[in-house]
């Protein structure tokens, strides 16, 4: 009688939480938190990839929906203490490019980079990553905690551009200036 060998699970360096934001109306950012749902807190790589396979690919995400992968229990809103005075580094990918393969590949690489700590010494500044679906394009974002100077943003943009195979100049830094609930 053969015994099945239990596969070893790979514990993540930090716990991560997957969130989804859904809305029937594009202008429902007013009720941001009501449209935000915590899907699961993840401790192992196996748990993450099992959930990831059940979620829509970036190109299949319905318009006005967003997925978020954030460290620990950080909530994807600007007034979460970890996000206060923070920013996002974003990349927009047109929907028509490669029938969505580019956005799917970029989202896959972005979550893998976040989970595996591939942003080098800037990893501690990365709070999470997100993908947002719009009518004509997909927006990929890296959420960055408050930091001084442009060096950290530049290093994260450089690492991300290498991982995603895009030009560093295609990645924009957007800073929260509202001091209100998330408007992204």
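The values are calculated or read from the model by the stated rules, or taken from the named source; none is laboratory data. Note that the structure is predicted; figures quoted are calculated from it, not measured. Glycine gets a Cβ as well: all are built from the backbone with ideal geometry, and neighbour counts include every protein chain shown.
Count of the stretch 79-100 residues, restricted to those that are in a helix (DSSP H, G or I) and either in contact with a strand residue (DSSP E or B) (Cβ under 7 Å, 6 or more places away or on another chain) or on the phi < 0 side of the Ramachandran plot (or both), is 1. Set side by side, the residues 132, 161, 103, 141 differ, and just one is in a helix (DSSP H, G or I) and touching a strand residue (DSSP E or B) at 6+ places or on another chain (Cβ under 7 Å), which is 103. For the stretch 38-59: of the residues being within 15 Å of the chain's Cα centre (by Cα) and part of a strand (DSSP E or B), which is surrounded by the most Cβ atoms within 10 Å (Cβ to Cβ)? Filtering the stretch 38-59 for residues that are within 15 Å of the chain's Cα centre (by Cα) and part of a strand (DSSP E or B), the one surrounded by the most Cβ atoms within 10 Å (Cβ to Cβ) comes out as 42. What do you reckon, is residue 42 under 23 Å from residue 147 (Cβ atoms), touching a helix residue (DSSP H, G or I) at 6+ places or on another chain (Cβ under 7 Å) and modelled with pLDDT of 95 or more? For residue 42, the condition - under 23 Å from residue 147 (Cβ atoms), touching a helix residue (DSSP H, G or I) at 6+ places or on another chain (Cβ under 7 Å) and modelled with pLDDT of 95 or more - is not met.
Suppose we filter 62, 76 for residues that are buried (at least 16 other Cβ atoms within 10 Å of the Cβ), touching a residue at least 60 places away in the same chain (Cβ under 8 Å) and in a loop (DSSP other than H, G, I, E, B); which single one remains? Being buried (at least 16 other Cβ atoms within 10 Å of the Cβ), touching a residue at least 60 places away in the same chain (Cβ under 8 Å) and in a loop (DSSP other than H, G, I, E, B) holds for just one of 62, 76, which is 76. In the stretch 166-184, the qualifying residues are those that are touching a helix residue (DSSP H, G or I) at 6+ places or on another chain (Cβ under 6 Å), under 20 Å from residue 134 (Cα atoms) and modelled with pLDDT under 85, and the one that is surrounded by the most Cβ atoms within 10 Å (Cβ to Cβ) is 182. The single condition among (1) surrounded by fewer than 18 Cβ atoms within 10 Å (Cβ to Cβ); (2) modelled with pLDDT of 85 or more that residue 126 does not meet is (1). Does residue 70 qualify as being in a helix (DSSP H, G or I), in contact (Cβ under 8 Å) with a residue 24 or more places away in the chain and closer than 24 Å to residue 163 by Cα? Taking the combined requirement at face value, the residue does not satisfy it. Candidates 140, 135, 163, 115: the one that is modelled with pLDDT under 95 and either touching a helix residue (DSSP H, G or I) at 6+ places or on another chain (Cβ under 8 Å) or crowded, with 17+ Cβ neighbours inside 10 Å (or both) is 163.
Considering 2, 22, the condition of being over 21 Å from residue 118 (Cα atoms), surrounded by fewer than 16 Cβ atoms within 10 Å (Cβ to Cβ), at pLDDT below 95 and touching a strand residue (DSSP E or B) at 6+ places or on another chain (Cβ under 9 Å) is satisfied by 22 alone.
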